[in-house]
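Data first, discussion second: the structure below is written as structure tokens.
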Amino acid sequence: MTTREDGSNLSGEEQTTAVVLLKAGTRMPPIFIAPGIGDTAEHLSQFANLLQVAHPVYGLQPRGRNGVDEPLRRIEEIAEFHCHSIQHLQPHGPYILIGHSLGGLVMLEVARRLGKANETVSLLAMLDSYPSRNNLSLPQHAALTLRLVMRRAVSLLRRSQPSQPHPRGAPSERPQEESMVRGGKAIKDSAYDAWRNYRPSFYSGKIRFVKAAIPTFFPSDPAAVWAHLTNEFQIETIPGAHLDMVTTQLETLSSVVARYVGEALAGN
């Protein structure tokens, strides 16, 4: 039985069901990936299978997926939960941590906890991950708000025009944050609460950040958000928008992340 920092126990069943093997592998260490809001580990299976690496790939499952356990409502609590699950499978580093959207924030907190425990994090890759608009700096908040207002105005203008046939397969005009939502309502609601209330603090390691080329409902300059919160911050941009990373741009994303893994473990 593993004990959380708050004194409560993390059962063996929780430890084993909180991670899902997405791809088998023969090399160590394993790769751990965390999904975005409303997604489950299984939504990352295609990404895992496209990763050209010999390492096993595990997806982190949101608490409450079993319909019994209560979902967690703070990023710090989610990270604590996953940190125990990760160390149950891999007691010591080096660790490879990857997270898309909300999952990137979770993995940032997991990395901070492992670092405080004197464990090595070889790779922390955040895939288009940002705090809530309310937790950005004033200039970043203002710039993002202006862009969202303009986007809304353009959307309303288009709706006032005579309707045109919607191209088959074209993206919906619904807000991207809403289209991110899959899974149970309780998990979705708790994840949104966690995201809105999360204020990141300094991480003493290195962040590899993959940015979507098309800014949507998030800041256009991740360096302005993250560079002052870590010792080293590197950005790479791939085509498409936020959700495209884990849909239409999966091959590009998997190629980038596989390269990160190889670079991080070179010489280990």
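The values are calculated or read from the model by the stated rules, or taken from the named source; none is laboratory data. Note that this is a predicted model, so its numbers are computed, not measured. Reconstructed Cβ throughout: ideal geometry from the backbone, glycine too, with neighbour counts over all protein chains shown.
Taking the criterion of being assigned to a helix (DSSP H, G or I) and among the small types (G, A, S), the only residue of region 225-247 that qualifies is A227. Selection of region 221-239 for residues being exposed (fewer than 13 other Cβ atoms within 10 Å of the Cβ) and without any contact (Cβ under 8 Å) to a residue 24 or more places away in the chain yields only H228.
Only residues that are modelled with pLDDT of 80 or more and charged (D, E, K, R): list them for region 174-193, please.
K188, D189, D193, listed by residue number.
Which one is surrounded by the fewest Cβ atoms within 10 Å (Cβ to Cβ), of the residues in region 248-268 that are at pLDDT 90 or above and not in a helix (DSSP H, G or I)? Across region 248-268, the extreme among qualifying residues is T248. For A186, the conditions (1) within 30 Å of N66 (Cβ to Cβ); (2) in a loop (DSSP other than H, G, I, E, B); (3) not hydroxyl-bearing (S, T, Y) are fulfilled apart from (2). Any residue at all in region 239-250 that's closer than 28 Å to N66 by Cα, out of contact with any Leu (no Cβ under 6 Å at 6 or more places or on another chain) and among the hydroxyl-bearing types (S, T, Y)? Within region 239-250 (the criterion being closer than 28 Å to N66 by Cα, out of contact with any Leu (no Cβ under 6 Å at 6 or more places or on another chain) and among the hydroxyl-bearing types (S, T, Y)), the answer is yes, since at least one residue qualifies. Going through (1) touching a residue at least 24 places away in the same chain (Cβ under 8 Å); (2) among the charged types (D, E, K, R); (3) surrounded by fewer than 16 Cβ atoms within 10 Å (Cβ to Cβ) one by one, K116 falls short only on (1). Scanning region 204-224 for residues that are in a helix (DSSP H, G or I) and of a type in the set (A, V, I, L, M, F, W, C) returns A223, A224.
For region 205-234, a residue qualifies if it is among the β-branched types (V, I, T), within 26 Å of L50 (Cα to Cα) and over 15 Å from the mean Cα position of the chain (by Cα), and the qualifying residues are I214, T216.
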